[in-house]
Structures are given as structure tokens and as C-alpha cells.
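Below is one structure, written out as C-alpha cells; the observations come after it.
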Amino acid sequence: MVALEVPVVSPRFSWWPCSLAAPAMDLVAGLVALVALVALTLLVVAQRLGMFYRIFHKVDTTSPRHGGELVAEVLRAHGVQFIFTLPGGHISPVLVACEKIGIRVVDTRHEATAVFAADAVSRLSGRIGVAVVTAGPGVTNAVTAVKNAQMAESPLLLLAGAAARLQKGRGALQAVPQVPLLRPLCKSCVSVGSVRRLVPVLRRALATAAGGTPGPVFVELPIDVLYPFHVVQKELGASQSPRGLRGKLVQWYLRQYLADVFAGAWEPRELSPLPVSVPRASPREVQLCSELLSRARRPLLLVGSQALLPPTPAEELSSALQSLGVPCYLGGAARGLLPPECPLLLRHNRRQALRDADLVLLAGTVCDFRLSYGRLFGRGAAVVAVNRNRAQLRLNADVFWTPRLAVHGDPAALLVALARSLPGLPSPREWLQRLREAEEERERHIRAMAAVSPPRHLNPLALLLALDRLLSPRSLLVADGGDFVATAAYSVRPRRPRAWLDPGPFGTLGVGGGFALGAKLCRPEAEVWILYGDGSLGFSLMEFDTFVRHKVPVIALVGNDAGWTQISREQLPLLGSAVGCSLNYSDYHAVATALGGRGFVLDSAGDTGGDTGGDTGGDTGGDIEDRVVAVLRAAQAECHRGHPVLVNALLGPSDFRQGSVSV
């Protein structure tokens, strides 16, 4: 074997070629990384400023058009006839453009009223109601009404102005983080970043509001996407002559930003509505429900507001209910689905009926506080729930109740399908007779309580029963109050579908003015009554100015008992004080008259012409009833002449709702 000798290199000479090569390679790699980083940064900036988009899409710097025109065109393409607003500089282009193309702009005295009015339009017309509010306080004033629409599952589009995107966080006028504020209350919240995005964002927002479980959506419209190019250019300072390198860089950025906002702004785009998805019960679920219903001997049907949502016509749903022949309780917007004389319609003794039923079908009704969270069902009762909202479908299930069948779908569509699958369903006559007897006994009790004259002023039950006898088939009732409205729910009967508007499960006071405004505009032929408590009236009394200016004749019947009676009924016996619950027998009718409407004051002596302090002594029940009817008829006559009317009805104490609670 031959040994190989390997030369040994001195250490002091072995390191220097590598030590010089390594820094050189690191330097090259660093330069490459730096160039890549700069290139990536430039690409990101170019993308953010829409520079690639502008290669193929024109920026028209001379066009006088503005983004408000695109907003108006989308709304018109979706059948919007009214927008409700309180004006502000941030939203002026939308208001002017809507007026120009024939969309009626209705300005109110508070942003909440505007949203309530849009909510009413959605509930009554089958089209999306639209409210437009200015930035900052305009949005925050609308928050309660938006939450009310969310809880009531009412589709609604809220448009709001905003500061230009580049001015946010820099102390711009009325700039607040609006999208994060509205996100928990809306199905979708979007801020539009360029004029070209207005049309697609609005189309998607309108489809989102109506689809699935309907609800409000929020679209923020910064002023730089609403005003014409030359106005935005001046506002942002993009036309100024720069000084120095920094100034030139700033001006370059502003010009690129402005070009991105308006690139492709006026290119033709599709405006028509997008398809709306509605969940439906499967054939298997319809069959299972049919089998349960056909075997039931004591079935009960609870229909909630959700059953009145499109696309099923209310008349078709009413026919289905009568065909099924199942005793019904109707809640919320479902009131009026069955005619007042229909034997299937129940209004009283619901708690006991639920205890006795062997099958309960919850059609859009939720097991929340209104059903004692599901604790009202009798032992062994089969409960079938159908709801568009997955979360509401099984609310409190497996805590206080367990559904035999839970259907994620449209309640109205299921009821219509059941009526078709069970054409010969035998009517539960003994069960229905038992319920009718209890119903009639309760009606007799109410009439007896209505006949009791309080020591002063009017019995609220007697007043409301007199109103019920006067209502025409075209009447529409708006409920806004506590104790007085809760009494009305037992004594005043809506005459047709969608003829009762109440806040919904959020229990919001102050809906009256807005709901009545939207209702009368949607149904000009209707006789619209607002049933106010004297407490709730304070939220929207000033809207009589709106009624007068926009020639919207409605009748407000104010149950004036000089207090927050629904609260004091519980607070006083439980806690020993009615602090904060006292009001005065104020001359609310005089305010309506001062604003250009017509006012009546009504107590047990009839229309006293403003004298609210008289005693009733000596009047018989018949005399009082005649005077009440005379004043209510006079109010109707003034309304039919085109005047908004307020009847200030002074109420005495009543034990009808004794023991009721407000929480």
C-alpha cells in the first residue's frame, strides 16, 4: 500500500480568500433583497393606488358627475320610492340625485325617526326601506333604530356619509369609527373606497339585507366617493403647487389617490337586483311535520312576525291557516292575518292553552322572554319550531324545552306546504270549543272592566273598545307605548294583514312617528292610527312638523295617564317608590296644533277645548261613550281632510294590567 501525502497549508494563508468572498456574497444578497423589497413596496403602493387598474380604465377629470347619482340609480333599479333622512353636508349628493330621478326625499326631525320610517316601509311594502344619515352624530343617533330593526328581522339599508378616507384620524369634521360601531348590529358593514365600487357594493348590500334572516345593512359613503372630481380635488388639496421634495411626494401621492378614487367611475354597470336566497324546509321535514300535526288532538299554532316576510303573499298564508283549521295565536306583524271574527283566532289565555296543548307549532315565534324562555309548554307536548334564523330556532332548547322537530326554513312556506299536504285535516272541534269558551269568558271580563268608571277621566279599556268599533277595514295601527299599548293589544283588532306595527322584541319606545310616516307613504289609502303612551309620545311629538310639511295625515291617539305607568305598576309595590315615573297631564294637543296639525283633548266630559282639570261627576256611561265616539269621529274627519291629528285622551287609573311586569 502506498501512502498518499496531503500537503499541509499554513493556517495564516488558508483564511483570506474565503474571508473576502463571504462579505462580497453577503453584499450582493443584501442588495438583491433590498431591490426586491423596494420593488415589492412599489408594487403594493401601485396596487393600493389602483395604478394597474388605471392602465385599462380612464379617469375623467372634467366630468361634472358625482357618486350620489350612482347611489340613486341603484336605489331606483331596486324599486326604492322613498328615502328618509335628516340632511347633512356629507350626504347632500345622494339627496339631490334621488330627488332628480324621482325618488321622494322625506326629511325628519331626528335620525332615529328616519330609520324607523325606513323600517316600516320594509315591513309593509316588500321592498327595502332606505335611510340616509350624515356622518358622526347622524350615525350615532340612528343606532337604537338600527338595533330595533335587527331584533325585528326587518331588512333595511342605512347609508351614511363619512369624512374622506385620507382625512380619517386627522381630526376631520364628525369623523368617528362608524363601521366598527355598526358591525354588531348589522348583517354587513362596508365602507366604499372608490366611485367604481358604489354600484356593486350597494347591490350586494341590498341582497344581503333581504336574504336568509333579513336585517339591516350599513354602507359608509366617504365624501370623496360622493362629490364630483373637481370638488374632491380641491378638498384634498391635490391641485396645489408643491414646494420641496417632501411636498412633491405628497402631491404625487394625493394625485394618484384621487385618480384611483375616480378611475372607471362612469363606466356602465349592471344595476338590477341580485338574487335573494331564502331557506326552505325540505320535503322530508314537511312530511314529518304533517305526520305530527295529523296525529295531534290539541294542536296550537303560534305565528310570529317572520311569517310575514317575502316572498309568500300574506293572503296565501291567511288561506293556509284557515285551511289547516288549527287554533292560532298571532303575534307582532302577524296580527291581522286572520279576520277578527275567525273562530281560529285566539287573543287571550295563551299561557293556559300552551299548558294544555299536545302539539305546539312555533312558526317564526321564538322561545325568548315572550314565551318565558320555553317554560310554558305542557309536559309531553311535541314542539315543532320553524325559523329562518338558526340561532333563534333553538334558543333556550335543552334548557327549558326540547323541540321534537326543528326546521331551519321560512315559516310561511312551511305553513303553505302543510295546508297543501293536509287538505282533509279534521278540525279539533272539542279542543277549539274549549279554547273559544275560555276566550269568550275573558272577553266578558274585559267588557265588565271597561264599564267601570274611574274617579276621574277615562277608562282606557272603554276608550280602546270604542276605537275598535270605529276602525275601518283600511285602518292600520302603529303601537308605541307601554301600559296603554299593552291594553290595546287585548282590545283593538287589526282588520287585515300587515295592519299592526309594533317595535318587536327590542321593545323600543319612540317608533311611532317614524312607523306612521313610512306606513302612510306606503299605504296612502290607509287610515293610520298611532297608539301612543304619553311617555313614548315625547320621543317623536316633534314629527308632527314632518307630517305637516310632507302632507302626511295620520291620527295619534295618546293615552295620557300622566306617568310611566307600566314601570310604576311594578316599581311601586316591589320597591316602595314611584320615583321617576311621574308626568303631567300636559297639553300635547296644543303642540300638534302649534306645528300645523289638529288637536283634540278628550276626557270623560268629551272634547273640553283644553280644560284638563274638570271632574266627571254626573256623567253616565252612555254619555261618556257618546262623547268619546264623537271626538274620535271628528279626528277621523280632520284626517280625511288632509290634516295630521292628535287626540290627547286623559286616562284615569285602571286595574286591568295589575301585576304586569316590565322586565
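The values are calculated or read from the model by the stated rules, or taken from the named source; none is laboratory data. These figures come from a predicted structure and were not determined experimentally. Neighbour counts are summed over all protein chains in view; Cβ atoms, including those assigned to glycine, are modelled from backbone coordinates with ideal geometry. Side chains are part of the model used for accessible areas, which takes the heavy atoms of the whole protein and leaves out ligands, DNA and RNA. Shrake-Rupley method; radii C 1.70, N 1.55, O 1.52, S 1.80 Å.
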Enumeration of residues in the stretch 198-242 that are of a type in the set (Val, Ile, Thr), out of contact with any Lys or Arg (no Cβ under 6 Å at 6 or more places or on another chain) and not in a helix (DSSP H, G or I)
219
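Rundown of residues vs (1) surrounded by 21 or more Cβ atoms within 10 Å (Cβ to Cβ); (2) touching a residue at least 40 places away in the same chain (Cβ under 8 Å); (3) at positive phi, yes/no style:
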site	(1), (2), (3)
154	yes, yes, no
180	no, no, no
207	no, yes, no
210	yes, yes, no
221	yes, yes, no
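For (1) under 16 Å from residue 123 (Cα atoms); (2) buried (at least 23 other Cβ atoms within 10 Å of the Cβ); (3) at pLDDT below 95; (4) aromatic (Phe, Trp, Tyr), each residue gets a yes or a no:
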| residue | (1), (2), (3), (4) |
| --- | --- |
| 263 | no, no, yes, no |
| 285 | no, no, no, no |
| 288 | no, no, no, no |
| 292 | no, no, no, no |
| 301 | no, yes, no, no |
| 311 | yes, no, yes, no |
| 325 | no, no, yes, no |
| 332 | yes, yes, yes, no |
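Regarding the stretch 313-322, can at least one residue be identified that is assigned to a loop (DSSP other than H, G, I, E, B), free of Cβ contacts under 8 Å to residues at least 60 places away in the same chain and buried (at least 16 other Cβ atoms within 10 Å of the Cβ)?
Checking the stretch 313-322: not a single residue is assigned to a loop (DSSP other than H, G, I, E, B), free of Cβ contacts under 8 Å to residues at least 60 places away in the same chain and buried (at least 16 other Cβ atoms within 10 Å of the Cβ).
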Return the residues of the stretch 523-556 that are within 21 Å of the chain's Cα centre (by Cα), charged (D, E, K, R) and surrounded by fewer than 21 Cβ atoms within 10 Å (Cβ to Cβ); say none if nothing qualifies.
523
Just one listed residue, out of 362, 338, 354, is touching a helix residue (DSSP H, G or I) at 6+ places or on another chain (Cβ under 9 Å), assigned to a loop (DSSP other than H, G, I, E, B) and touching a residue at least 12 places away in the same chain (Cβ under 8 Å), and it is 338
Which listed residue is within 18 Å of the chain's Cα centre (by Cα), hydrophobic (A, V, I, L, M, F, W, C) and surrounded by fewer than 24 Cβ atoms within 10 Å (Cβ to Cβ), from 139, 143:
143
Does residue 234 meet the test of being of a type outside the set (A, V, I, L, M, F, W, C) and within 21 Å of residue 278 (Cα to Cα)?
no
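Before we move on, is residue 237 open to solvent by less than 30 Å² (accessible area, probe 1.4 Å) and at positive phi?
Yes, satisfied.
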Quick one: in the stretch 123-145, which of the residues that are assigned to a helix (DSSP H, G or I) and in contact (Cβ under 8 Å) with a residue 60 or more places away in the chain is farthest from residue 277 (Cα to Cα)?
144
Consider residue 291 carefully, then state whether it is farther than 19 Å from residue 384 by Cβ, outside any strand (DSSP E or B) and not hydroxyl-bearing (Ser, Thr, Tyr).
no
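Quick one: count up the residues across the stretch 146-166 that are part of a strand (DSSP E or B) and touching a Gly at 6+ places or on another chain (Cβ under 9 Å).
First, pick out the residues of the stretch 146-166 that are part of a strand (DSSP E or B): 156-162.
When the remaining residues are screened for being touching a Gly at 6+ places or on another chain (Cβ under 9 Å), the result is 156-157, 160-162.
Matching residues across the stretch 146-166 total 5.
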Go through the stretch 348-369 and give me each residue that's under 27 Å from the mean Cα position of the chain (by Cα) and open to solvent by less than 70 Å² (accessible area, probe 1.4 Å).
361, 362, 363, 364, 365, 366, 367, 368
Let me confirm something: among 568, 586, which residue is in a loop (DSSP other than H, G, I, E, B), among the polar types (S, T, N, Q) and surrounded by fewer than 24 Cβ atoms within 10 Å (Cβ to Cβ)?
586
Evaluation of residue 506 against (1) among the hydrophobic types (A, V, I, L, M, F, W, C); (2) touching an Asp or Glu at 6+ places or on another chain (Cβ under 8 Å); (3) open to solvent by 10 Å² or more (accessible area, probe 1.4 Å) (one fails), failing number
(2)
Restricting attention to the stretch 265-281, which residues are open to solvent by 20 Å² or more (accessible area, probe 1.4 Å) and aliphatic (A, V, I, L, M)?
271, 274, 276, 278, 281
Can residue 109 be described as at pLDDT below 95, closer than 24 Å to residue 519 by Cβ, in a loop (DSSP other than H, G, I, E, B) and open to solvent by 10 Å² or more (accessible area, probe 1.4 Å)?
no
Given (1) in contact (Cβ under 8 Å) with a residue 40 or more places away in the chain; (2) touching a helix residue (DSSP H, G or I) at 6+ places or on another chain (Cβ under 9 Å), index of the condition residue 468 fails
(1)
Checked the stretch 81-106 for anything out of contact with any strand residue (DSSP E or B) (no Cβ under 8 Å at 6 or more places or on another chain), under 18 Å from residue 227 (Cβ atoms) and small (Gly, Ala, Ser); matches are 92, 97
Does the stretch 370-384 contain at least one residue that is within 17 Å of residue 307 (Cα to Cα) and open to solvent by less than 70 Å² (accessible area, probe 1.4 Å)?
yes
Kindly establish whether residue 249 is in a helix (DSSP H, G or I), more than 18 Å from residue 412 (Cα to Cα), free of Cβ contacts under 8 Å to residues at least 60 places away in the same chain and open to solvent by less than 20 Å² (accessible area, probe 1.4 Å).
no
Taking the stretch 424-448, which residues are under 15 Å from residue 292 (Cα atoms) and open to solvent by 90 Å² or more (accessible area, probe 1.4 Å)?
426
